[in-house]
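I have placed the structure first, in the form of structure tokens, so that the comments after it can refer back to it.
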């Protein structure tokens, strides 16, 4: 029982160490010091980019409408 208890403790400590440092058992995975962003951070970044894309699209549409109206006014297609 003593040997099994020691092995179990070593496995738990080793697993904990690999989670903390990001190191793997040599399978070519993440090395030490490499931190992956959490899922929440990635989702937050995607929401921010989506909001920025929508705002940019609205600005482009409004500006093109204003430019189109000015061209129509200058060419006499519309009366003020």
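Computed from the coordinates by the stated procedures, all read-outs in this text should not be read as laboratory data. Model, not experiment: these values are computed from the prediction.
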Fill in: Potential extension, residue 69-residue 35 segment - 0.36 nm per residue separation minus Cα distance
7.1 nm
Worksheet, complete the sentence: What the Cα atoms of segment 37-80 span along the principal axes, largest first and in whole Å, is 57, 11, 8
